1. Distance cut-off 31 Å, Cα to Cα: go down the list 370/514; 396/431; 179/256 and report the pairs above it.
2. Keeping every protein chain present and rolling a 1.4 Å probe, give me the accessible area per residue for the range 291-426 in Å².
3. By the scheme Lys and Arg +1, Asp and Glu -1, what is the net charge of all other residues having a beta-carbon under 12 Å from that of residue 404?
4. Give me the 1.4 Å probe accessible area per residue for the range 427-527, excluding ligands and nucleic acids, in Å².
5. Tell me the accessible surface of residue 310 in square angstrom (1.4 angstrom probe, heavy atoms of protein chains only), to the nearest ten.
6. Quick one: which residues, 5 or more positions from residue 60 or on another chain, have an amide H under 5 Å from its amide H? H modelled 1.01 Å from N in the peptide plane, none for Pro or chain starts.
7. Run lengths n ≥ 4 of DSSP H only: what is the helix-derived mean residue ellipticity at 222 nm for the chain, with -39500 (n - 2.57) per run over all residues, to the nearest 500?
8. Over all directions, average the projected area of the Cα convex hull of the range 452-538 and note it in nm².
Amino acid sequence: MKNISHRFFQYYSILFLLLFACTETEKKSTDHLVINDKEYFEMPGFNVMVYHDYYPTGRQSGITLIQNGERVAANGDIRLTNQPRFNPTNGPRQLDTEKNEISLAVGFPDSVRQQYNDPRYTYPDISLMGTVRVTGEGKSIRISVDLDQPLEEQWIGKAVFNLELFPGHFFDRAYYMDKKTGIFPRQANGPLINTEDGPVLKPMAIGKKLVALPDSENEMLTIESFGDDLELVDDRGKNKAGWFSVHSKLQSGVTKNVVEWLITPAIKSNYKYDPVIQVSQVGYRLNQNKVAIIEMDNRTINPSEVELLRISENGGFETLKKGTPEMWGEFLRYKYAKFDFSEIQQPGMYKLKIENTVSQPFMIDDDVYKRNVWQPTLEYYLPVQMCHMRINELVKVWHGLCHEDDALMAPINHIHFDGYKQGPSTLCAYKPFDAVPGLNVGGWHDAGDYDLRVESQANTMRTLAWMWELFETDYDLTTIDQQEKLVEIHVPDGKPDMLQQIEHGALTIVGGYKSLGRLYRGIICPTGRQYSLLGDGSTMTDNLIYKASLDS
């Protein structure tokens with residue numbers, strides 16, 4: 001009897017564990033939206049983030065839609081149509097699992113932006129507080145906005161709920177707004193309409209129901225408004241980094257459901273995220289540890305087998321290793337595994353394959369650092385980023401001679417854009433708007449704009465100095481003429497490029513110190529229009545030195 005009871009308990013335990021495992025698998029494979037432990041909506045093929053990100057300029061804020069693994073829409077939030085740079089503040093997420101709803105408080109004014117005002121824009125005089133509610137309804141989400149008080153009269157028609165659509169996903173593809181047809185254009189096209197805030201592009205379409213990509217059963221996205229009309233607008237007409245946007249005006253005279261949308265995506269049947277294989281783009285030395293990282297669907301329990309393929313010198317592939325990768329764990333929306341092939345020491349070109357995913361080709365050889373690794377940084381990137389120079393490459397001009405008028409002393413008690421602040425003193429002999437000599441030489445532009453931050457200059461110069469001390473690399477593919485302020489890429493001048501770049505960094509740091517008696521904090525455009533111009537650096541200013549004001 002004791003043995004029978006013991007066996008019964010064993011079988012019961014196994015059954016319980018199996019049932020538990022099935023339940024877990026079923027939970028992660030649900031066919032409708034549920035709130036997961038990371039506080040966003042999840043189902044295979046559709047994720048909805050609710051204010052998990054906070055960088056609207058980078059299209060990473062508010063409500064974000066990820067359809068079949070692609071981020072197709074973001075920045076779902078309240079916006080002021082004539083004040084695009086200002087965004088509401090928001091409180092913490094509130095979860096109601098019984099209602100399958102995520103909500104949070106939102107509102108203007110944003111106290112942070114009031115404290116650190118951006119001088120390019122006047123902060124709007126608005127007081128608006130409310131709640132954004134996102135509810136999972138099967139495969140759809142319902143977005144509702146409530147206000148604490150009815151909308152102030154001066155903001156009627158200007159306060160909207162807005163969602164931005166990633167242009168690259170929609171270019172040259174069809175949509176319906178109600179029964180009217182259209183195609184998402186590759187460039188922002190007219191006509192313009194005049195408003196009290198200046199001319200803007202006329203909406204592409206207005207109606208109650210937008211169906212984007214109706215011809216694609218796996219990609220269609222439907223947005224339906226139960227309040228004010230939807231307006232489909234090409235925001236690239238007012239912002240070079242803009243996306244397509246869909247917005248509805250906040251209804252006036254009411255506080256409940258001032259906006260109500262239902263968003264329904266089409267989802268691939270039995271959707272599963274395809275694995276992504278991360279290998280070294282440089283390649284691997286023969287005796288080096290060789291570990292590939294594999295990103296997988298977060299429902300993966302047992303990863304598929306990985307094949308290491310050597311590309312034959314005569315064409316075709318030879319499989320040198322097969323194996324199951326070692327599970328590493330979870331990060332954000334994915335699971336990760338590691339595949340170790342350190343024992344492979346046969347020189348050649350290789351690929352890794354898992355399921356239908358094949359990696360880029362990579363080398364295993366002891367000369368992987370000989371070409372096309374650090375050289376392009378020294379050969380192209382640093383020369384192209386050089387400020388106060390003209391950069392030529394054979395018949396191509398990367399940019400003309402730029403910023404010959406650097407720089408004017410910034411005003412005191414001033415908060416500039418991009419994080420720069422000037423206190424109650426200039427900390428030197430120069431007064432606000434004085435031209436400071438010795439700054440129109442040396443330095444590299446920032447990667448995304450034309451700032452010269454002194455710590456970036458120093459760190460770059462220090463890294464290059466370390467490289468020279470360690471390796472004394474006499475690599476020479478570039479002519480750098482500081483007297484003529486001229487760079488010629490792929491024209492050697494008999495001098496090591498690394499030493500010339502170290503000199504270029506030293507010129508801006510030493511020049512500033514000699515003129516100011518201290519290091520400058522940064523050199524940046526005085527006006528918003530200049531700062532936003534990312535064309536040829538030589539066109540940003542007139543390159544003439546004279547006393548000026550912040551607005552000139």
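The values are calculated or read from the model by the stated rules, or taken from the named source; none is laboratory data. Just so you know, these numbers come straight off a predicted model, no measurement behind them. Because the Cβ atoms are built from the backbone with ideal geometry, glycine has one as well, and the counts that use them run over all protein chains shown. Heavy atoms of the whole protein, side chains included, go into the accessibility calculation; ligands, DNA and RNA do not. Shrake-Rupley method; radii C 1.70, N 1.55, O 1.52, S 1.80 Å.
1. Values: 370/514 40 Å; 396/431 40 Å; 179/256 29 Å.
From the list (370/514; 396/431; 179/256), the Cα-Cα distance tops 31 Å for 370/514; 396/431.
2. Working: 7170 Å² over 136 residues.
Computed with neighbouring chains in place, this is 53 Å² per residue.
3. Details: positive: 390, 485; negative: 405, 406, 542.
Value of the local net charge: -1.
4. Working: 5120 Å² over 101 residues.
Ligands and nucleic acids excluded, the figure is 51 Å² per residue.
5. Roll a 1.4 Å probe over it and residue 310 shows about 20 Å².
6. Hits under the 5 Å cutoff: 55.
7. Taking each H run of at least 4 residues, the total per residue is -4500 deg cm²/dmol.
8. On the way: hull surface 28.6 nm².
Across all orientations, the range 452-538 yields a mean hull projection of 7.1 nm².
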